[in-house]
Amino acid sequence: MLEKRNIGMMFGAQTVETFLGIASCPDLDGLDAKAAILGVPCATPYASVGPYCSEAPDAIRASIGHYAPNVGHFDFDLGGPLLPDGTTGAVDCGNLGFDEDDHEANRNRIRATVAKILDKGAVPIVLGGDDSIPIPMIQAFEGRGRFTILQIDAHIDWREEVGGEHWGLSSTMRRASEMPHIENIIQVGQRGLGSARPADVRDAEAWGVKFVTARDVHKFGVDPVLDLIPQGANVIVALDCDGLDPSVIPGVIGRAPGGLTYWQTLDLIHGVADKGNISAFDIVEFVPDMDIDQIGALTAARIVANVMGLVVRADS
(Lines give C-alpha, C1' and ligand atoms only; values in the text may rest on other atoms or scores of the structure.)
Protein backbone atom coordinates (compact mmCIF):
# COMPACT_ATOMS: atom_id res chain seq x y z
CA MET A 1 0.00 0.00 0.00
CA LEU A 2 1.31 3.41 -0.95
CA GLU A 3 2.02 5.85 1.86
CA LYS A 4 -0.63 8.53 2.05
CA ARG A 5 0.69 11.91 1.12
CA ASN A 6 -0.61 15.40 1.75
CA ILE A 7 0.13 18.84 0.44
CA GLY A 8 2.06 19.74 3.57
CA MET A 9 4.87 17.42 2.47
CA MET A 10 5.72 19.99 -0.21
CA PHE A 11 6.34 22.64 2.44
CA GLY A 12 8.34 20.69 4.99
CA ALA A 13 5.45 20.01 7.34
CA GLN A 14 6.33 18.47 10.68
CA THR A 15 4.21 17.05 13.44
CA VAL A 16 2.81 19.84 15.60
CA GLU A 17 1.04 19.49 18.92
CA THR A 18 -1.04 22.66 18.82
CA PHE A 19 -3.70 23.88 16.41
CA LEU A 20 -1.84 24.95 13.25
CA GLY A 21 1.37 25.12 15.28
CA ILE A 22 0.34 28.24 17.21
CA ALA A 23 1.93 28.95 20.57
CA SER A 24 1.07 26.67 23.45
CA CYS A 25 -0.34 28.12 26.68
CA PRO A 26 -0.87 25.30 29.19
CA ASP A 27 -0.76 27.73 32.14
CA LEU A 28 -3.69 30.13 31.94
CA ASP A 29 -1.99 32.48 34.39
CA GLY A 30 0.25 33.45 31.48
CA LEU A 31 -2.54 33.80 28.91
CA ASP A 32 -2.12 36.94 26.81
CA ALA A 33 -4.01 36.52 23.54
CA LYS A 34 -7.27 37.40 21.84
CA ALA A 35 -8.20 33.80 21.08
CA ALA A 36 -7.67 30.75 23.28
CA ILE A 37 -8.25 27.30 21.83
CA LEU A 38 -9.25 24.73 24.43
CA GLY A 39 -9.81 21.02 23.88
CA VAL A 40 -12.65 19.60 25.97
CA PRO A 41 -13.05 15.87 25.34
CA CYS A 42 -16.02 15.16 27.58
CA ALA A 43 -18.58 16.66 29.97
CA THR A 44 -21.77 14.67 30.68
CA PRO A 45 -21.97 11.62 28.41
CA TYR A 46 -24.95 9.30 28.45
CA ALA A 47 -24.19 5.85 29.85
CA SER A 48 -25.44 4.25 26.62
CA VAL A 49 -22.65 5.76 24.52
CA GLY A 50 -19.94 6.98 26.91
CA PRO A 51 -17.35 9.59 25.86
CA TYR A 52 -17.63 8.78 22.17
CA CYS A 53 -16.28 12.16 21.01
CA SER A 54 -13.31 12.36 23.37
CA GLU A 55 -10.69 12.00 20.64
CA ALA A 56 -12.15 14.82 18.55
CA PRO A 57 -9.97 17.73 19.78
CA ASP A 58 -6.74 15.99 18.82
CA ALA A 59 -8.21 14.68 15.55
CA ILE A 60 -9.23 18.21 14.55
CA ARG A 61 -5.75 19.52 15.36
CA ALA A 62 -4.06 16.67 13.46
CA SER A 63 -6.15 17.12 10.32
CA ILE A 64 -4.81 20.62 9.68
CA GLY A 65 -1.40 20.31 11.29
CA HIS A 66 0.42 19.86 8.00
CA TYR A 67 -0.57 23.42 7.09
CA ALA A 68 1.37 24.84 10.04
CA PRO A 69 4.27 26.04 7.85
CA ASN A 70 1.72 28.01 5.80
CA VAL A 71 0.06 29.83 8.68
CA GLY A 72 1.47 33.17 7.50
CA HIS A 73 0.33 32.65 3.90
CA PHE A 74 -2.73 34.24 2.29
CA ASP A 75 -6.01 32.67 3.43
CA PHE A 76 -8.74 33.25 0.87
CA ASP A 77 -11.53 32.56 3.35
CA LEU A 78 -10.36 35.57 5.35
CA GLY A 79 -8.94 37.80 2.63
CA GLY A 80 -5.44 37.88 4.10
CA PRO A 81 -3.10 35.96 6.40
CA LEU A 82 -4.92 33.79 8.90
CA LEU A 83 -3.09 35.53 11.73
CA PRO A 84 -2.08 38.99 10.50
CA ASP A 85 0.61 39.29 13.17
CA GLY A 86 2.19 35.95 12.42
CA THR A 87 1.41 33.54 15.23
CA THR A 88 0.52 36.14 17.87
CA GLY A 89 -3.00 36.77 19.03
CA ALA A 90 -4.00 33.11 19.38
CA VAL A 91 -2.80 30.31 21.63
CA ASP A 92 -3.66 26.68 22.21
CA CYS A 93 -4.31 25.82 25.86
CA GLY A 94 -4.31 22.06 25.31
CA ASN A 95 -6.96 19.61 26.49
CA LEU A 96 -8.81 19.42 29.78
CA GLY A 97 -8.80 16.11 31.59
CA PHE A 98 -12.09 14.33 32.26
CA ASP A 99 -13.56 11.61 34.42
CA GLU A 100 -15.98 9.19 32.74
CA ASP A 101 -17.80 8.69 36.03
CA ASP A 102 -17.71 12.12 37.67
CA HIS A 103 -19.71 14.32 35.35
CA GLU A 104 -20.18 17.11 37.86
CA ALA A 105 -16.41 17.42 38.21
CA ASN A 106 -16.12 17.63 34.42
CA ARG A 107 -18.67 20.43 34.27
CA ASN A 108 -17.02 22.33 37.13
CA ARG A 109 -13.63 22.04 35.42
CA ILE A 110 -14.98 23.31 32.10
CA ARG A 111 -16.85 26.20 33.69
CA ALA A 112 -13.86 27.31 35.79
CA THR A 113 -11.42 27.07 32.88
CA VAL A 114 -13.62 29.02 30.48
CA ALA A 115 -14.21 31.63 33.20
CA LYS A 116 -10.47 32.06 33.61
CA ILE A 117 -10.01 32.49 29.86
CA LEU A 118 -12.69 35.18 29.95
CA ASP A 119 -11.05 36.83 32.95
CA LYS A 120 -7.89 37.10 30.87
CA GLY A 121 -9.79 38.92 28.13
CA ALA A 122 -9.59 36.12 25.56
CA VAL A 123 -12.32 34.51 23.48
CA PRO A 124 -12.63 30.76 24.19
CA ILE A 125 -12.67 28.54 21.11
CA VAL A 126 -13.68 25.14 22.42
CA LEU A 127 -12.98 21.90 20.59
CA GLY A 128 -15.37 19.19 21.82
CA GLY A 129 -16.34 16.59 22.71
CA ASP A 130 -20.06 15.87 22.91
CA ASP A 131 -22.84 18.43 22.89
CA SER A 132 -23.18 18.57 26.68
CA ILE A 133 -19.96 20.63 26.76
CA PRO A 134 -21.60 23.96 25.83
CA ILE A 135 -23.71 23.92 29.02
CA PRO A 136 -20.86 24.68 31.46
CA MET A 137 -19.15 26.82 28.82
CA ILE A 138 -22.22 29.06 28.62
CA GLN A 139 -22.59 29.05 32.41
CA ALA A 140 -19.13 30.64 32.63
CA PHE A 141 -20.60 33.84 31.14
CA GLU A 142 -22.92 34.49 34.08
CA GLY A 143 -22.45 38.01 35.44
CA ARG A 144 -20.62 39.18 32.32
CA GLY A 145 -23.52 40.81 30.48
CA ARG A 146 -26.27 39.60 28.19
CA PHE A 147 -25.70 37.18 25.34
CA THR A 148 -27.29 35.78 22.21
CA ILE A 149 -26.75 32.13 21.30
CA LEU A 150 -26.50 31.10 17.66
CA GLN A 151 -26.70 27.32 17.54
CA ILE A 152 -26.10 25.38 14.32
CA ASP A 153 -27.43 21.85 14.76
CA ALA A 154 -29.66 19.25 13.14
CA HIS A 155 -31.41 18.86 16.50
CA ILE A 156 -32.88 21.36 18.96
CA ASP A 157 -31.58 19.93 22.28
CA TRP A 158 -34.63 20.93 24.33
CA ARG A 159 -35.22 17.72 26.29
CA GLU A 160 -35.73 18.24 30.01
CA GLU A 161 -33.90 14.99 30.65
CA VAL A 162 -32.95 11.72 28.98
CA GLY A 163 -32.88 8.64 31.18
CA GLY A 164 -32.80 10.86 34.25
CA GLU A 165 -29.84 12.93 33.04
CA HIS A 166 -30.63 16.66 32.90
CA TRP A 167 -27.19 17.86 31.78
CA GLY A 168 -26.69 15.70 28.69
CA LEU A 169 -26.31 16.51 25.02
CA SER A 170 -30.06 16.53 24.28
CA SER A 171 -30.73 19.24 26.89
CA THR A 172 -28.14 21.86 25.94
CA MET A 173 -30.42 24.65 24.72
CA ARG A 174 -33.06 24.05 27.40
CA ARG A 175 -30.38 24.45 30.08
CA ALA A 176 -29.10 27.57 28.30
CA SER A 177 -32.62 29.04 28.26
CA GLU A 178 -32.66 28.84 32.06
CA MET A 179 -29.55 31.02 32.42
CA PRO A 180 -30.37 34.67 33.24
CA HIS A 181 -27.61 36.05 31.00
CA ILE A 182 -29.04 34.47 27.83
CA GLU A 183 -31.47 36.86 26.14
CA ASN A 184 -31.85 35.35 22.66
CA ILE A 185 -31.49 31.88 21.18
CA ILE A 186 -31.41 31.40 17.42
CA GLN A 187 -31.28 27.77 16.27
CA VAL A 188 -30.35 26.93 12.69
CA GLY A 189 -30.19 23.75 10.66
CA GLN A 190 -33.00 21.60 12.06
CA ARG A 191 -34.12 18.73 9.87
CA GLY A 192 -35.27 15.12 9.99
CA LEU A 193 -35.95 13.21 13.20
CA GLY A 194 -34.24 13.64 16.54
CA SER A 195 -34.98 13.35 20.22
CA ALA A 196 -37.35 16.34 20.30
CA ARG A 197 -41.02 15.71 20.95
CA PRO A 198 -43.74 18.18 19.84
CA ALA A 199 -43.94 19.51 23.41
CA ASP A 200 -40.21 20.31 23.37
CA VAL A 201 -40.64 22.39 20.22
CA ARG A 202 -43.58 24.21 21.79
CA ASP A 203 -41.54 24.92 24.93
CA ALA A 204 -38.70 26.37 22.87
CA GLU A 205 -41.02 28.56 20.83
CA ALA A 206 -42.83 29.73 23.98
CA TRP A 207 -39.47 30.78 25.46
CA GLY A 208 -38.78 32.82 22.32
CA VAL A 209 -36.43 30.64 20.29
CA LYS A 210 -36.25 31.52 16.62
CA PHE A 211 -35.88 28.40 14.47
CA VAL A 212 -34.51 28.51 10.91
CA THR A 213 -34.56 25.03 9.42
CA ALA A 214 -31.89 23.70 7.08
CA ARG A 215 -34.44 23.70 4.27
CA ASP A 216 -35.10 27.40 4.81
CA VAL A 217 -31.37 28.18 4.81
CA HIS A 218 -31.03 26.41 1.46
CA LYS A 219 -34.12 28.20 0.14
CA PHE A 220 -33.58 31.73 1.43
CA GLY A 221 -29.88 31.92 2.34
CA VAL A 222 -28.33 33.02 5.63
CA ASP A 223 -29.47 36.66 5.66
CA PRO A 224 -32.80 35.87 7.41
CA VAL A 225 -30.75 34.27 10.21
CA LEU A 226 -28.41 37.22 10.52
CA ASP A 227 -31.40 39.57 10.59
CA LEU A 228 -32.44 37.90 13.86
CA ILE A 229 -29.17 38.85 15.58
CA PRO A 230 -29.35 42.25 17.32
CA GLN A 231 -26.85 44.80 16.04
CA GLY A 232 -23.79 44.83 18.29
CA ALA A 233 -24.84 41.66 20.13
CA ASN A 234 -22.41 39.51 22.04
CA VAL A 235 -22.89 36.10 20.44
CA ILE A 236 -21.97 32.63 21.64
CA VAL A 237 -21.75 30.40 18.57
CA ALA A 238 -22.48 26.73 19.30
CA LEU A 239 -21.80 24.43 16.36
CA ASP A 240 -22.82 20.78 16.38
CA CYS A 241 -21.08 19.06 13.47
CA ASP A 242 -24.28 17.31 12.41
CA GLY A 243 -25.65 20.75 11.59
CA LEU A 244 -23.58 20.46 8.43
CA ASP A 245 -24.47 18.00 5.69
CA PRO A 246 -22.84 14.57 6.17
CA SER A 247 -21.22 14.95 2.76
CA VAL A 248 -19.23 17.78 4.38
CA ILE A 249 -18.69 16.27 7.84
CA PRO A 250 -19.45 12.54 7.71
CA GLY A 251 -17.95 11.85 11.15
CA VAL A 252 -21.06 12.33 13.29
CA ILE A 253 -23.27 9.93 15.25
CA GLY A 254 -26.55 11.42 13.97
CA ARG A 255 -26.17 11.80 10.21
CA ALA A 256 -29.06 13.57 8.51
CA PRO A 257 -29.11 14.57 4.82
CA GLY A 258 -29.84 18.13 3.82
CA GLY A 259 -27.58 19.99 6.24
CA LEU A 260 -25.73 23.26 5.84
CA THR A 261 -22.78 23.59 3.50
CA TYR A 262 -19.32 24.76 4.48
CA TRP A 263 -19.97 28.16 2.90
CA GLN A 264 -23.36 28.65 4.52
CA THR A 265 -21.75 27.90 7.87
CA LEU A 266 -18.90 30.34 7.26
CA ASP A 267 -21.28 33.01 6.00
CA LEU A 268 -23.19 32.72 9.28
CA ILE A 269 -20.05 32.96 11.41
CA HIS A 270 -18.54 35.80 9.38
CA GLY A 271 -21.93 37.52 9.51
CA VAL A 272 -21.93 37.32 13.31
CA ALA A 273 -18.48 38.91 13.39
CA ASP A 274 -19.64 41.70 11.07
CA LYS A 275 -22.82 42.43 13.02
CA GLY A 276 -21.70 41.84 16.59
CA ASN A 277 -19.02 40.11 18.60
CA ILE A 278 -18.06 36.46 18.75
CA SER A 279 -17.90 36.02 22.52
CA ALA A 280 -17.22 32.28 22.39
CA PHE A 281 -17.31 29.42 19.93
CA ASP A 282 -17.61 25.70 20.39
CA ILE A 283 -17.59 22.84 17.91
CA VAL A 284 -18.89 19.52 19.17
CA GLU A 285 -20.17 16.09 18.15
CA PHE A 286 -17.33 15.19 15.80
CA VAL A 287 -16.68 11.43 15.93
CA PRO A 288 -13.26 10.61 14.43
CA ASP A 289 -14.03 6.88 14.12
CA MET A 290 -16.96 7.67 11.83
CA ASP A 291 -15.08 10.12 9.61
CA ILE A 292 -14.06 9.36 6.03
CA ASP A 293 -10.45 10.07 5.06
CA GLN A 294 -10.34 13.03 7.51
CA ILE A 295 -12.83 15.01 5.38
CA GLY A 296 -14.91 15.98 8.39
CA ALA A 297 -11.92 16.68 10.61
CA LEU A 298 -10.41 19.05 8.06
CA THR A 299 -13.75 20.81 7.51
CA ALA A 300 -14.11 21.25 11.27
CA ALA A 301 -10.54 22.53 11.50
CA ARG A 302 -11.07 25.03 8.71
CA ILE A 303 -14.16 26.38 10.47
CA VAL A 304 -12.11 26.74 13.66
CA ALA A 305 -9.36 28.49 11.68
CA ASN A 306 -11.89 31.00 10.37
CA VAL A 307 -13.20 31.69 13.86
CA MET A 308 -9.66 32.17 15.13
CA GLY A 309 -8.88 34.53 12.26
CA LEU A 310 -12.04 36.56 12.86
CA VAL A 311 -11.42 36.83 16.60
CA VAL A 312 -7.86 38.11 16.25
CA ARG A 313 -9.09 40.67 13.71
CA ALA A 314 -11.87 41.97 15.96
CA ASP A 315 -11.55 45.38 17.57
CA SER A 316 -10.55 45.24 21.19
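For (1) surrounded by fewer than 16 Cβ atoms within 10 Å (Cβ to Cβ); (2) over 21 Å from ASP291 (Cβ atoms), each residue gets a yes or a no:
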site	(1), (2)
ASP27	yes, yes
ALA36	no, yes
GLY39	no, no
CYS42	no, no
CYS53	no, no
ALA56	no, no
ILE60	no, no
ILE64	no, no
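Taken together, the criteria place ARG174 among residues that are outside any loop (DSSP other than H, G, I, E, B), under 20 Å from the mean Cα position of the chain (by Cα), charged (D, E, K, R) and more than 23 Å from ILE125 (Cβ to Cβ). Exactly one residue among ASP315, ASP240, ASP274 is more than 16 Å from the chain's Cα centre (by Cα), modelled with pLDDT of 95 or more, among the acidic types (Asp, Glu) and on the phi < 0 side of the Ramachandran plot, and that residue is ASP274.
Rundown of residues vs (1) crowded, with 16+ Cβ neighbours inside 10 Å; (2) in a helix (DSSP H, G or I); (3) in contact (Cβ under 8 Å) with a residue 60 or more places away in the chain; (4) among the charged types (D, E, K, R), yes/no style:
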site: ALA196; (1), (2), (3), (4): yes, no, no, no
site: ALA199; (1), (2), (3), (4): no, yes, no, no
site: ASP203; (1), (2), (3), (4): yes, yes, no, yes
site: ALA206; (1), (2), (3), (4): no, yes, no, no
site: HIS218; (1), (2), (3), (4): no, yes, no, no
site: PRO224; (1), (2), (3), (4): no, yes, no, no
site: GLY232; (1), (2), (3), (4): no, no, no, no
site: VAL235; (1), (2), (3), (4): yes, no, yes, no
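Close Cβ contacts (under 8 Å, 6 or more residues apart or on different chains) running from residues in region 137-159 that are at positive phi and at pLDDT 95 or above to residues that are hydroxyl-bearing (Ser, Thr, Tyr) and crowded, with 20+ Cβ neighbours inside 10 Å comprise ASP157/SER170; ASP157/SER171; ASP157/THR172. Residue pairs whose Cβ atoms lie under 7 Å apart, separated by 6 or more positions or on different chains, with the first residue in region 177-190 and more than 13 Å from ALA204 (Cα to Cα) and the second among the aromatic types (Phe, Trp, Tyr) and outside any strand (DSSP E or B), are HIS181/PHE141.
Taking the listed residues ASP119, ASP27, ASP99, ASP58, the one that is modelled with pLDDT of 95 or more, more than 27 Å from ASN234 (Cα to Cα) and over 19 Å from the mean Cα position of the chain (by Cα) is ASP99, with no other qualifying.
The test for being among the basic types (Lys, Arg) and under 25 Å from SER170 (Cα atoms) holds for ARG255. The one condition from (1) without any contact (Cβ under 8 Å) to a residue 12 or more places away in the chain; (2) closer than 19 Å to ARG174 by Cα; (3) not in a helix (DSSP H, G or I) that ASP101 does not meet is (2).
The values are calculated or read from the model by the stated rules, or taken from the named source; none is laboratory data. Keep in mind that what you see is a predicted model, and the values were worked out from it rather than measured. In this analysis, Cβ positions are derived from the backbone assuming ideal geometry, glycine residues included, and neighbour counts consider all displayed protein chains.
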